[in-house]
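Report on the following structure.
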Amino acid sequence: MYCTRKALDDLIWVGADDRRLVCFEGVYGVPDGVSYNSYLLLDEKTVLFDTVDKAVSQTFYENLTHSLNGRELDYIVITHMEPDHAATLDAVVLRYPNVKIICNAKIKVMLEQYFDFDMEGRIIIVKEGDSFSSGRHNFSFIMAPMVHWPEVMMVYDSTAKILFSADAFGTFGALNGRLFADETDFMHEHLDEARRYYTNIVGKYGVQVQNVLKKAEALDIALVCPLHGFVWRKNFGEYLEKYKLWSSYVPEEKSVMLAYASVYGHTENAANILAAKLVERGVKVRMYDTSVTAASYMVSDAFRCSHLVFAATTYNMGVFVTMENLLRDIAAHNLQGRKLAFIENGSWSPTSGKLMREILAPLKNMEYIGENITIRSAVKEEQLSQLEALADAIAADMN
Ligand code: FEO
């Protein structure tokens, strides 16, 4: 049975939630599920904005069929070719054989790579600034390359002042019956998952996000319709401010993310002692065991916190595997402008401190606080003063 929501009287959300997915994109755990958003405009012509992932295709087809109420589907606008939005395109074309596809040239290339359906006479190529009318609604197209794929574009409806923003402004988490962000306490209930979504999926491309934010700022926007998560019709500015921080790699808060990798608990002991000393000095600490917490949560907090401390044992003459995975993930996401400190452990040849620094060395505007603290097997009295000094240095740096 269909399950739709109206975003406007003539704009219907025809997407679906997936609460059974374990890992989005095969890597990001989604304990609260995820939504795949698709929007149908019922104008003089009917226009579908993107499709959905295969996992929720049946609900999507029912939603689309019901919402069209016997009308033909005239156009599909594709803003992004990643299969969580485009996997059901060929099935929609089979169901509505006269449908025309509006996309840009890069999307057309990917369409031909992913699909074999007949595209002859079906594709309408648009570029930056081109316009299109479905009757009452007039659209223009805004290219958003590398936010977060090269073909991505956004669409602005100047009639209803809608920005179809592709993956931008999305979040992890199923909608659970809600459609609008103002139907939730978004900043308290969903900001952490929105940050984890942005930083892990789009975080590497801050420059490109900044470019498209500048274009969006010139628009009068009443409604933002992303491909995941909630539609924004109120208080969008507060969320936009977060995007400005994340995309410019400015920390959201003065705080420490303290991540440790510990085999038998001695490195964890050092991390615990440092955490206590930091908290005694009034410093907020967000602490993780890299063997327990998935990297995506720590990548997210690395974007959130001003200071990052990494403590790891040496393992096979390298960095313990879960810490190495985290550091390489942070490096791959192009994080910049943080204060860094390191604690290493090793029973016979501690090298993890030097190696951790090397992994993060390519990142821009990173500053180091203090020397590496070295533990040989277990924390001894002399390390207490070193941990005390590191806590002092971090606390002083925050004031
Ligand atoms: Fe939600 Fe980049 O796909």
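The values are calculated or read from the model by the stated rules, or taken from the named source; none is laboratory data. Since the model is a prediction, treat every value here as computed from it, not as a measurement. All Cβ positions, glycine included, derive from the backbone under ideal geometry; neighbour counts span all protein chains shown. With ligands, DNA and RNA removed, areas are computed over all heavy atoms of the protein, side chains included. Shrake-Rupley method; radii C 1.70, N 1.55, O 1.52, S 1.80 Å.
Within segment 242-255, which residues are touching a helix residue (DSSP H, G or I) at 6+ places or on another chain (Cβ under 7 Å), closer than 18 Å to Val212 by Cβ and part of a loop (DSSP other than H, G, I, E, B)?
Within segment 242-255, Ser248, Tyr249 meet the criteria.
Look at Tyr315 and say whether it is in contact (Cβ under 8 Å) with a residue 40 or more places away in the chain and open to solvent by 50 Å² or more (accessible area, probe 1.4 Å).
Yes: the conditions hold for Tyr315.
Examine segment 29-39 for a residue that is of a type in the set (Gly, Ala, Ser), in contact with a strand residue (DSSP E or B) (Cβ under 9 Å, 6 or more places away or on another chain) and at positive phi, and state whether such a residue exists.
Yes, that holds for at least one residue.
Would you pick out the residues in segment 35-57 that are surrounded by fewer than 20 Cβ atoms within 10 Å (Cβ to Cβ) and within 27 Å of His190 (Cα to Cα)?
Once the filter is applied, which keeps residues that are surrounded by fewer than 20 Cβ atoms within 10 Å (Cβ to Cβ) and within 27 Å of His190 (Cα to Cα), segment 35-57 yields Lys54, Ala55, Ser57.
Tell me, please, whether a residue that is within 25 Å of Val250 (Cα to Cα), out of contact with any Leu (no Cβ under 7 Å at 6 or more places or on another chain) and among the β-branched types (Val, Ile, Thr) can be found in segment 167-176.
Yes: segment 167-176 contains one or more residues that are within 25 Å of Val250 (Cα to Cα), out of contact with any Leu (no Cβ under 7 Å at 6 or more places or on another chain) and among the β-branched types (Val, Ile, Thr).
Within segment 338-385, restricting attention to residues that are open to solvent by 70 Å² or more (accessible area, probe 1.4 Å) and under 19 Å from Thr314 (Cα atoms), which residue is modelled with the lowest pLDDT?
Glu371
Quick check, is Leu335 of a type in the set (A, V, I, L, M) and either open to solvent by 10 Å² or more (accessible area, probe 1.4 Å) or without any contact (Cβ under 8 Å) to a residue 60 or more places away in the chain (or both)?
no
Only one of Leu219, Leu258, Leu213 is away from the ligand (no atom under 16 Å from the Cβ), assigned to a helix (DSSP H, G or I) and either touching a Gly at 6+ places or on another chain (Cβ under 8 Å) or touching a residue at least 12 places away in the same chain (Cβ under 8 Å) (or both); which?
Being away from the ligand (no atom under 16 Å from the Cβ), assigned to a helix (DSSP H, G or I) and either touching a Gly at 6+ places or on another chain (Cβ under 8 Å) or touching a residue at least 12 places away in the same chain (Cβ under 8 Å) (or both) holds for just one of Leu219, Leu258, Leu213, which is Leu213.
Considering segment 143-163 alone, what residues qualify as being part of a strand (DSSP E or B), farther than 16 Å from Ile101 by Cα and not hydroxyl-bearing (Ser, Thr, Tyr)?
Met143, Asp157, Ile162, Leu163
In segment 320-331, how many are of a type outside the set (Phe, Trp, Tyr) and open to solvent by 10 Å² or more (accessible area, probe 1.4 Å)?
Final tally of qualifying residues: 7.
Taking the conditions exactly as written (more than 13 Å from Val147 (Cβ to Cβ), within 16 Å of the ligand (Cβ to nearest atom), open to solvent by 10 Å² or more (accessible area, probe 1.4 Å) and not in a loop (DSSP other than H, G, I, E, B)), does Glu193 satisfy them or not? Outline the logic, then answer.
On the way: more than 13 Å from Val147 (Cβ to Cβ): yes; within 16 Å of the ligand (Cβ to nearest atom): yes; open to solvent by 10 Å² or more (accessible area, probe 1.4 Å): yes; not in a loop (DSSP other than H, G, I, E, B): yes.
Yes.
Going through Ala276, Ala270 one at a time, which residue ends up being crowded, with 18+ Cβ neighbours inside 10 Å, among the aliphatic types (A, V, I, L, M) and outside any loop (DSSP other than H, G, I, E, B)?
Step by step, each of Ala276, Ala270 is checked, and only Ala270 is crowded, with 18+ Cβ neighbours inside 10 Å, among the aliphatic types (A, V, I, L, M) and outside any loop (DSSP other than H, G, I, E, B).
Within segment 129-181, take every residue that is more than 16 Å from the ligand (Cβ to nearest atom), open to solvent by less than 50 Å² (accessible area, probe 1.4 Å) and among the polar types (S, T, N, Q) and give me the one that is nearest to Leu8 (Cα to Cα).
Here the residue is Ser134.
Consider segment 75-109. How many of its residues are away from the ligand (no atom under 16 Å from the Cβ), surrounded by fewer than 16 Cβ atoms within 10 Å (Cβ to Cβ) and under 23 Å from Val147 (Cβ atoms)?
Residues meeting the conditions: 2.
Which residues, counting only those in segment 169-190, are acidic (Asp, Glu) and outside any loop (DSSP other than H, G, I, E, B)?
Asp182, Glu183, Glu189, listed by residue number.
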